[in-house]
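To start, the structure itself, in structure tokens.
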Amino acid sequence: DDAQWLDLTGDGQLLATSGWTGPVDVWDATKGEHRFAVLADSDIEGLEWSPDSEQLAVVRNADRGDRGEVVVFDRSGAEVARLPEEPGHWVQSASFSPDSRLLATTIVGERVDPTDASVRIWDWERGEVVSTIDTFADGVVFDPTGTRIATFHTVQGTANVWDART
């Protein structure tokens with residue numbers, strides 16, 4: 001399976017890679033050695049290391065389930081959080097806040113209806129949604145200060161910037 005996603009930790013020590021069907025492989029970027037694999041036999045939609053290089057968020061939409069989720073792992077490969085979506089909703093992307101405390105996700109309903117989509121801001125350690133932006137977006141990212149969130153929609157060719165505090 002060819003790699004579709006990759007991300008390097010901010011400290012440059014670990015590289016995560018994955019294809020569409022998993023697994024997510026984590027490599028020692030300085031030695032080229034395989035460290036661990038997670039989520040074998042899964043439909044992987046993306047991955048991202050936290051800015052503090054301590055957590056890896058993996059977007060997963062299992063073909064055997066009716067919902068998507070983000071699974072968060074620590075640097076050793078231990079699962080530390082699972083953020084499941086509502087039934088009938090899939091996760092399209094995920095992005096950590098600059099302080100690594102929050103995780104923004106874009107979700108869409110099974111009918112890909114723009115009125116049934118949103119961006120959720122999670123306190124991922126508590127597993128709670130702390131804020132929601134009602135918008136249809138393919139991707140989301142925090143700005144470096146953590147005060148704004150940008151979303152984009154590929155087909156429409158649009159991007160929006162939101163106040164992350166409200």
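Residues of segment 76-106 that are buried (at least 19 other Cβ atoms within 10 Å of the Cβ) and of a type in the set (D, E, K, R): GLU85 alone. Looking at ASP134, ASP74, ASP143, just one residue is among the acidic types (Asp, Glu) and closer than 26 Å to PHE36 by Cα, and that residue is ASP74.
Note on segment 107-120: residues that are open to solvent by 10 Å² or more (accessible area, probe 1.4 Å) and modelled with pLDDT of 90 or more total 1. For SER53, the conditions (1) at pLDDT 95 or above; (2) open to solvent by 60 Å² or more (accessible area, probe 1.4 Å); (3) not in a strand (DSSP E or B) all hold with the exception of (2).
Got at least one residue in segment 36-46 being over 26 Å from VAL119 (Cα atoms), out of contact with any Cys (no Cβ under 9 Å at 6 or more places or on another chain) and among the aromatic types (Phe, Trp, Tyr)? Scanning segment 36-46, I find at least one residue that is over 26 Å from VAL119 (Cα atoms), out of contact with any Cys (no Cβ under 9 Å at 6 or more places or on another chain) and among the aromatic types (Phe, Trp, Tyr), so the answer is yes.
Residues that are closer than 17 Å to SER18 by Cα and in a loop (DSSP other than H, G, I, E, B) were ranked within segment 58-71; the one that is most open to solvent (accessible area, probe 1.4 Å) is ASP63. Looking at segment 72-166, the strands (runs of 3 or more DSSP E) lying wholly inside it that each contain 1 or more residues that are under 22 Å from GLN55 (Cα atoms) and in contact (Cβ under 8 Å) with a residue 12 or more places away in the chain sit at 79-84, 89-96, 102-109, 117-123, 128-133, 139-142, 148-153.
For (1) open to solvent by less than 50 Å² (accessible area, probe 1.4 Å); (2) closer than 23 Å to VAL140 by Cα; (3) hydrophobic (A, V, I, L, M, F, W, C), each residue gets a yes or a no:
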{"site": "LEU8", "(1), (2), (3)": "no, yes, yes"}
{"site": "ALA16", "(1), (2), (3)": "yes, yes, yes"}
{"site": "ASP25", "(1), (2), (3)": "yes, no, no"}
{"site": "TRP49", "(1), (2), (3)": "yes, yes, yes"}
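With respect to (1) over 15 Å from TRP124 (Cβ atoms); (2) open to solvent by less than 70 Å² (accessible area, probe 1.4 Å), the lone exception for GLU33 is condition (2). Considering only residues in segment 27-47 that are among the aliphatic types (A, V, I, L, M) and within 19 Å of ASP138 (Cα to Cα), the one that is modelled with the lowest pLDDT turns out to be ILE44.
The values are calculated or read from the model by the stated rules, or taken from the named source; none is laboratory data. Everything quoted here is computed from the prediction, not taken from an experiment. In this analysis, Cβ positions are derived from the backbone assuming ideal geometry, glycine residues included, and neighbour counts consider all displayed protein chains. Just the protein is used for accessible areas: all its heavy atoms, side chains included, with ligands, DNA and RNA removed. Shrake-Rupley method; radii C 1.70, N 1.55, O 1.52, S 1.80 Å.
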